Amino acid sequence: MLNHLILKRLTLSLLLAVSLPVALIGCQSNIAKDNSTPANSMVTGSSTSAPILSEQVINVENVNRFDWKLVRWIDNQGIVTNVDTVPPLMLDVRPSNLVFKYDCQRYRLNHDGYHGYTYSSYGVTAVTQPSCLITDKQAASNIFKYLDQLFPKYGRGHFNLRIISPSPQTPSKSFSFLNKLISTKPKPYKLALNVQDKQLIFEGTLKSLQPVTGPPITYDFLKEYQWRLVSAVNSNKNTIVELSRPDFPVTAYFAYPLYNDEHHVGFNSDCNGVGGSYILTPDNKLLIGSSPQTMMGCSPKREAAEDKIRELEQLSKSQLTLQRLANANPDFSSLPYYLLTQKLETGETLIWQNEVKKTL
């Protein structure tokens, strides 16, 4: 068993070091067939059922309901390489970036947003958390080198994403040796990442939604108020000094009016402001992209606050929880009192209090 795992890790290292032409299993394939498969149906069921996925429109919120694992590689001559590695190469689709995951290593690809069928890439960055102890450092390095070649910097690389729906949509039937009718599992969705003249095929496994407690959190609820930051601590529970100065408060606006976008969040400390497009998943995970910002000169402490919030929030993933408390403010006795807790994937915890939304 150990030799088998070592062989699989070694295969991934070789696969990515030589631009993935080495096949674990190879056969001929027609690329156009994968790209043209329709995907307009819906898998019904409970709240954990698959959302509607359309090949024509990449809905990042729905696509994010799946864990995407690399299962095939198709080169520019249509040769298929089936990929089965331990650990697998995973993909997260986010509002304005893709995140590739191998072991505890992360590779972030920024792009210009999902505004059409083709997107421009702006380079790959390796993100390594302090606690990350990579089992196969050579494989992790090879992945970064290959992704860096596949997605050139500064908008010179172009790619698109297409959904490949399972076919047929209804579960097939088969007979066992006892002549009892047995339902087989439906085929999974696949996501085709077409880049340059190559194609990477990822297979989707529906994520298990985490239980949601407390009052519901929706897009309409978030945009109803402005949110003032009242607490900010790092992963060690120490105060984040840049975000804890009463004279330089930080405020968040969902449906940020300056961008005229219902799904855009902005943060500011009364200076430039930072933010990006965002999505909210059914189990209250918040994914934030990025967007251009102004570069006005501000006081050092105010700039430090906005620099820190940019570092934490842009291109981030976090878990939201909501509490409703008794309102003890006589000036706003009719205003519900909420505390919105944001637990960032990087370990920081920010707590926001709702306020009456003001016009910027």
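The values are calculated or read from the model by the stated rules, or taken from the named source; none is laboratory data. As the structure is a prediction and not an experimental result, all values here were calculated from the model. Ideal geometry is used to build each Cβ from the backbone, glycine not excepted, and the neighbour counts take in all protein chains shown. For the accessible areas, the whole protein counts, side chains as well, though only heavy atoms, and no ligand, DNA or RNA atoms are used. Shrake-Rupley method; radii C 1.70, N 1.55, O 1.52, S 1.80 Å.
Where residues in region 123-176 are of a type outside the set (A, V, I, L, M, F, W, C), at pLDDT 85 or above and part of a strand (DSSP E or B), which of them is least open to solvent (accessible area, probe 1.4 Å)?
Only one residue tops the list, namely Gly123.
Of the conditions (1) part of a strand (DSSP E or B); (2) free of Cβ contacts under 8 Å to residues at least 60 places away in the same chain, Asn110 satisfies every one except a single condition; which number is it?
(2)
Look through region 235-245, keep the residues that are surrounded by 15 or more Cβ atoms within 10 Å (Cβ to Cβ) and part of a loop (DSSP other than H, G, I, E, B), and return whichever of them is modelled with the highest pLDDT.
Filtering region 235-245 for residues that are surrounded by 15 or more Cβ atoms within 10 Å (Cβ to Cβ) and part of a loop (DSSP other than H, G, I, E, B), the one modelled with the highest pLDDT comes out as Ile240.
Is at least one residue of region 212-221 modelled with pLDDT of 85 or more, part of a loop (DSSP other than H, G, I, E, B) and open to solvent by less than 20 Å² (accessible area, probe 1.4 Å)?
Taking every residue of region 212-221 in turn, at least one turns out to be modelled with pLDDT of 85 or more, part of a loop (DSSP other than H, G, I, E, B) and open to solvent by less than 20 Å² (accessible area, probe 1.4 Å).
Before we move on, is Gly204 at pLDDT below 85, among the small types (Gly, Ala, Ser) and surrounded by 19 or more Cβ atoms within 10 Å (Cβ to Cβ)?
Here the answer is no, as Gly204 does not meet what is asked.
Restricting attention to region 51-61, does a residue exist that is at pLDDT 90 or above and open to solvent by 10 Å² or more (accessible area, probe 1.4 Å)?
The answer is no, given that none of the residues of region 51-61 is at pLDDT 90 or above and open to solvent by 10 Å² or more (accessible area, probe 1.4 Å).
Among the residues of region 338-360, how many are open to solvent by 60 Å² or more (accessible area, probe 1.4 Å) and not aliphatic (A, V, I, L, M)?
Looking only at that region, the number is 6.
Tally the residues that are β-branched (Val, Ile, Thr) and open to solvent by 10 Å² or more (accessible area, probe 1.4 Å), restricting the search to region 74-98.
Going through region 74-98 one residue at a time, the tally reaches 4.
Out of curiosity, is Gln314 out of contact with any Gly (no Cβ under 8 Å at 6 or more places or on another chain), at pLDDT 85 or above and open to solvent by less than 70 Å² (accessible area, probe 1.4 Å)?
no
Is at least one residue of region 318-341 of a type in the set (Gly, Ala, Ser) and in a strand (DSSP E or B)?
yes
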